[in-house]
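The values are calculated or read from the model by the stated rules, or taken from the named source; none is laboratory data. No experiment lies behind these values; they were computed from the predicted model shown. Cβ placement follows ideal geometry from the backbone for every residue including glycine, while neighbour counts extend to all protein chains displayed. Ligands, DNA and RNA are stripped out before the accessible areas are found, and what is left, the full protein with its side chains, is counted by its heavy atoms. Shrake-Rupley method; radii C 1.70, N 1.55, O 1.52, S 1.80 Å.
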Amino acid sequence: MKKVYSNSAHPTLVKWSCAIAFLMGVGSFILYIILEGGDDKFLLYLAGFCLMYSSMFYGEYKLRRYEIDEENDTITDLRNKKYPLHISNLTTATYKENKKGKYRSLFLHDAGVGFMDIRTSKEKADQIVAQLLRSNPSIEVKHINYI
């Protein structure tokens with residue numbers, strides 16, 4: 001059974017909104033270059049910078065997809081499609097949390113040198129761990145607090 005966990009329910013909408021925000025940032029930079037003098041010129045530069053970088057980081061987070069294929073015994077994301085982790089080799093699933101206990105990410109590690117850092121919501125991380133434990137009950141689940 002193949003199950004896909006995505007950070008976005010509407011990836012097409014995310015792609016379009018990020019592209020529009022990026023183009024608005026580029027437009028602000030073009031206006032910054034064309035216009036002469038004034039205090040508004042710095043605001044255009046700042047707006048362009050904020051729009052471009054925020055759209056890139058937001059899009060990169062929201063367009064992440066994690067695919068668990070129980071038939072092929074693999075877990076993949078877009079960055080490691082070529083080298084998937086095998087579920088049967090996984091040894092630990094670690095919830096990374098801050099000192100106050102707020103969830104940050106899920107870190108999977110196999111018996112060798114393979115690992116995967118899953119950045120998604122706590123609810124989806126719980127679903128991923130539950131599905132992995134159904135396939136491989138020997139996975140050790142840990143909670144680690146970082147600063």
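Miscellaneous remarks
- Under 5 Å between amide hydrogens, built in the peptide plane, is the criterion, and for Gly114 it picks out nothing among residues at least 5 positions away or on other chains.
- Between Ile128, Ile30, Ile118, the Gaussian network model of the chain with springs among Cα atoms under 10 angstrom shows the greatest mean-square fluctuation at Ile30.
- Reported label for calculated Cα Rg over 2.2 N^0.38 Å given [x] 1.13; [y] 1.89; [z] 1.38: [z]
- Burial ranking of peptide ranges 99-106, 69-76, 137-144 (average Cβ count within 10 Å, highest at the top): 69-76, 99-106, 137-144
- Taking all protein chains into account, the per residue accessible area for the chain stands at 65 Å² (1.4 Å probe).
- Residue by residue, region 70-85 carries 3J(HN,Hα) couplings of 6, 5, 8, 6, 9, 10, 9, 10, 5, 7, 10, 4, 6, 10, x, 7 Hz when phi is fed to the Karplus relation 6.51 cos²θ - 1.76 cosθ + 1.60 (θ = phi - 60°); x denotes Gly or Pro.
- Nearest-ten-degree value, helix 122-135 long axis tilted from longest Cα axis of the chain: 30
- In the chain, the longest principal axis of the Cα atoms and the axis of helix 40-62 are about 20 degrees apart.
- Cα centroid separation, region 75-108 to region 49-64: 22 Å.
- Protein accessible area in the chain, 1.4 Å probe - carbon and sulfur %: 62
- To the nearest ten degrees, helix 11-34 and the longest principal axis of the Cα atoms of the chain are 30 degrees apart.
- For the residue pairs Lys15/Lys41; Lys2/Lys99; Lys62/Lys100; Lys2/Lys100; Lys62/Lys102, the alpha carbons lie more than 23 Å apart in Lys15/Lys41; Lys2/Lys99; Lys62/Lys100; Lys2/Lys100.
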